[in-house]
Amino acid sequence: LAYDIFNFDKFKWSINGNYSYNTSEITKLKSDYVAIDGFKRYVVGHNPSEFYLAHYIGSDKSNGDALWYTDATHKTISNGSGASPIINRDFTGKNAMPKHTAGLTNTLSFKNWTLSALATYAGDFYVYDLWERYFNADGQDLKVNQLADALNAWTPTNNTSDRPQYRPGNTVSKHHSTRYLRKGDYIKLKSLELGYK
């Protein structure tokens, strides 16, 4: 859509905008599923960009263990140790492809000068922070810089923290989980142009 707000001889102001709604679903496969990487899976009835991850819960308030659900029923919990039930992955309902995208351009002209600004938007999508598994590993990767928020980890005096206890040499594996899944929505100024003719 485009609209001229002012259109005088020496001064013009116009706006141009666009919007897209995006959705996708797998309708047919030659097999039950196709695993494409460590955190996605193609299955009929699901969006091809939907994340397939273990569901992270937070920390055990009594001892600081990291906790995950073991399956899609969300009835059984595991701390990832050898004695716990196996942690299985499941669909999250969160997609990597933005459901909404939009752009808005404002153009102002005065005599021989033109000022134009383009802003873009993407919404209702998620990004998986693969590197955060190393920077936020609760003591497993001692030689790698850690996030400053590690200082807010569970302790007996900070037992309401959602961050598990920081344990140097931690042996619980860094499961591909919703712990590292982040909302990706953004609005940003894509370009700003000043012209003279």
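3J(HN,Hα) along the stretch 182-197, derived from phi through the Karplus expression 6.51 cos²θ - 1.76 cosθ + 1.60 where θ = phi - 60°, amounts to 10, 5, x, 3, 7, 10, 9, 7, 7, 7, 9, 10, 10, x, 9, 9 Hz, with x in place of Gly and Pro.
In this structure the amide hydrogen of residue 166, modeled in the peptide plane, comes within under 5 Å of the amide hydrogens of 154, none closer than 5 places in sequence on its chain.
Semi-axes, largest first, in whole Å: what does sqrt of 5 times each Cα gyration tensor eigenvalue give for the chain? Don't skip to the end; give the middle numbers.
Numbers: eigenvalues 423, 115, 32 Å².
Taking √(5λ) for each Cα gyration eigenvalue gives 46, 24, 13 Å.
Note on the stretch 101-144: Cα-only Rg and Dmax are 21.4, 63 Å.
Using 0.36 nm per residue of separation minus the Cα-Cα distance, give me the extension gain between residue 116 and residue 10 in nm, one decimal.
Working: separation 106, 0.36 × 106 = 38.16 nm, distance 1.60 nm.
That works out to 36.6 nm of additional length.
For a test of the definition: using alpha carbon positions, the gyration tensor, and the 1.5 limit on a/c, classify the stretch 1-73 as rounded, prolate or oblate. Oblate shape, in that a/c is at least 1.5 and b/c is the bigger or equal ratio. With R₀ fixed at 22 Å, the C-beta to C-beta distance from residue 100 to residue 2 puts the FRET efficiency at about 0.65.
Modelled spin-label separation between residue 88 and residue 18, with each label point placed 7 Å from Cα along the Cα-to-Cβ direction: 4.4 nm. When the helices of the chain are scored as -39500 (n - 2.57) per DSSP H run of n ≥ 4 and the total is divided over every residue, the value at 222 nm lands at -500 deg cm²/dmol.
Listed here are the pairs 99/143; 40/190; 75/143; 40/75; 61/143; which of them are more than 32 Å apart at the Cα? Intermediate results must be reported in sequence, preceding the final value.
Numbers: 99/143 39 Å; 40/190 30 Å; 75/143 36 Å; 40/75 23 Å; 61/143 27 Å.
Checking Cα-Cα distances, 99/143; 75/143 exceed 32 Å.
Using every pair of separate Cα atoms, the Kirkwood estimate puts the hydrodynamic radius of the stretch 62-176 at 18.0 angstrom. For the peptides 127-136, 148-157, the ranking by packing is 127-136, 148-157, with the highest mean count of neighbouring Cβ atoms within 10 Å listed first. Amide H to amide H, with H built 1.01 Å from N, residue 185 comes under 5 Å of 124, 125, counting only residues 5 or more places away or on other chains.
Rule-based calculations on the coordinates, nothing more; no lab input. In this text, all values refer to a predicted model and were calculated from it rather than measured experimentally. Heads up, the Cβs are rebuilt from the backbone with ideal geometry, glycines too, and the neighbour counts pull from every protein chain shown.
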